[in-house]
């Protein structure tokens, strides 16, 4: 669905994206991760033709983006807003028209959506008279008014209250179940873990991580011991490397060391074990590890 | 499927014409002008009347006449001839008499002196007309020939015959109707439309809706839609004003100082095409600058301050209008005809007067086309640089480096 090849972009001699390549498959939920200022928004804007690429190819369905494709697309930018002086229904039908819907269809859809999100009585209100949460609902409605086959969302949950966050997730999953492809950037690792099929993590303008989420987690080791304990935990041993926080610790076994050996070692050293759990690292942990290290794929 | 700019245009048009303030501004503009003229005319007449009454109510006016011109026939109450200037002046100062008129030997060069009490701003000049009238009437009385007297007092009709390049020119107010409309149209465009455009671009940037819009509509479609939407607004305004003018002319038919023979309104195709070209290019240059300014700064308030420079430059020729009328083909007129922003108005005006030489008209087409191209370039470049730059201005360094 999306193919980015050797994309580079600089601003004022600062290289923001450096020879980046990745693909988003049809029907996939793809999470685009990176620290603030890592170039996520730049990539999405370049993909949508808002910025020109310095080099490389950014294709949607095999073609560079054109506004004709916008009829199939729902884009929720990070910097989002509405025409505050316009009425709710007028604004929604205007965007519906721009996305290829007839006036009648976009009006019908908008009225149904407003009913669904509890804003039917606000249809003829000026947007500036709506609360911030109500405006967020209108923003989401505008994004999905054309039942998009491709959703591009830049920090979609940023600034959303919990009700609208749930509404957004519900709508995204609904569209995904109908076959939509979703590319979104985020800082919310828990959300990414819940819904993403694939991820790409940007660092210094390059892909520090890229691939199937489960595969990536496996590659960071399935054999991490998450420990809750009482007593004094030995930190420097031949058995493991430890990251300790008060009464919890994350133990990464050294090469050739078995979990049982670690357990025996802890008992022998009078560590009172409350919980001994084997798991993969969370995406949050991987993100922090990548961000802090000089690791590059 | 309709082009997207059509929807942008429709929205821009409806956004303005659906507001009560648009109709208030459009309808009340001519009403306001007519009302101001009527009030001013009435006030002027009432003021003159009050002056006349004040002068007529005078009890005593002394006349010190060194010339001997003032006829004895007019020396009736309240007038009284005096021989002692100093004594008469003291009487004025002591409020014993209302005024003293002094006609010196050389009053034609030196003027007539009127001494009177200062009773506030409205007392200024109340006796002047009487003093002048007194000497004029006395001169008429001194004429022996009845024909000369008739000629002096008659309301003489003047017929003016003008020549242009040795041929008698056929001057008629009707020939200025079409070019006059184009000057009015230009003013509406400058006064109203460009400010709507400035607001429109600023609004999208300030409300951060621009990125969503740009993901659906190309910048060129967006800008074109906005421009055409505003053109629609201007035509709505123009047709409304023309309709009001038509109704006004119908209602006042026969009572106007100038009668217009509509059947002889001159349709000079070349002049009309030039007027349309100057109006359109003038609008485009200014509109493009509005887009550039609105894109370059983060808020509508700042955009308004910056844009006023261009609006003032566009209407600045009004300050030179008397010089232009006096010499429509002179150096000042020629320079302003090719200066950015002042050019459209001056060219329109000279075109309306029929004072634009063919070579200058041809040259102006090229020059104004260049200005339009240049302003489009600046507008698009600034839009590209600034439309997604929130919270700060686009620096000139960045603009020239881009």
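Coordinate-derived values only; no laboratory data. Please read these numbers as outputs of a predicted model, since none were measured by experiment. Cβ: placed from backbone, ideal geometry, glycine included. Neighbour counts: every protein chain shown.
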Rounded to the nearest 10 degrees, what's the angle between the helix A:103-116 long axis and the longest principal axis of chain A, both from Cα atoms, 0 to 90?
-> 50 degrees
Over chain A, what lengths in whole Å, largest first, do the semi-axes of the equivalent ellipsoid take, defined as the square roots of 5 times the eigenvalues of the alpha-carbon gyration tensor?
-> 44, 24, 16
Give me the percent of DSSP beta bridges within segment A:2-217 that run antiparallel, rounded to the nearest 5.
-> 50 percent
Remind me, relative contact order of chain A in percent, using alpha carbon pairs under 8 angstrom and six or more residues apart?
-> 20 percent
Expressed as a percent, the portion of alpha-carbon pairs in the protein assembly as shown spaced more than 44 Å apart is 52 percent
Residue B:365-residue B:243 FRET efficiency (beta carbon distance; Förster radius 22 Å; 0.05 resolution) = 0.10
What does the highest-first list of B:79-86, B:97-104, A:223-230, B:214-221 look like by mean Cβ count within 10 Å?
-> B:97-104, B:214-221, A:223-230, B:79-86
Compare the peptides A:181-194, A:34-47 by average per-residue count of other Cβ atoms within 10 angstrom and give them in order, highest first.
-> A:34-47, A:181-194
Quote the FRET efficiency, to the nearest 0.05, computed for residue A:125 versus residue B:373 with a Förster distance R0 of 45 Å and r equal to the Cβ-Cβ distance.
-> 0.55
Between the helical axis of A:259-268 and the dominant principal axis of chain A, each derived from Cα atoms, what acute angle in degrees is found, rounded to the nearest 10?
-> 60 degrees
In nm, to one decimal, how far is the modelled label at residue B:276 from the one at residue B:137, with both set 7 Å along Cα→Cβ?
-> 6.0 nm
Segment A:237-297 versus segment A:202-229: alpha-carbon centroid distance in Å | 14 Å
Per residue of A:82-91, count partner chain C-beta atoms within 10 Å of its C-beta, then hand back the mean as an integer.
-> 3
By counting other Cβ atoms within 10 Å of each Cβ, how are B:141, A:92 ranked from fewest to most?
-> B:141, A:92
Return B:314, A:177 ranked ascending by Cβ neighbour count within 10 Å, so the fewest neighbours appear first.
-> A:177, B:314
Between residue B:329 and residue A:260, how many nm apart are label points set 7 Å from Cα along the C-beta direction?
-> 11.3 nm
Per DSSP H run of n ≥ 4, the term is -39500 (n - 2.57); total these for the protein assembly as shown, divide by its residue number, and report the mean residue ellipticity at 222 nm rounded to 500 deg cm²/dmol.
-> -16000 deg cm²/dmol
Taking r as the C-beta separation of residue A:68 and residue B:305 and R0 as 45 Å, the FRET efficiency to the nearest 0.05 is 0.70
Degrees separating the helix A:283-292 axis from the principal Cα axis of chain A, which is the longest one | 80 degrees
Express as a percent, rounded to the nearest 5, the fraction of DSSP beta bridges in the protein assembly as shown (both residues included) that run antiparallel.
-> 60 percent
Proxy exposure order for B:370, B:310, A:239 (fewest C-beta within 10 Å first) is B:370, A:239, B:310
Distance in nm between pseudo-label sites at residue A:15 and residue A:173 (7 Å out along the Cβ direction from Cα) | 4.2 nm
Take peptide B:201-214, look around each residue's Cβ out to 10 angstrom, count Cβ atoms belonging to other protein chains, and average those counts.
-> 6
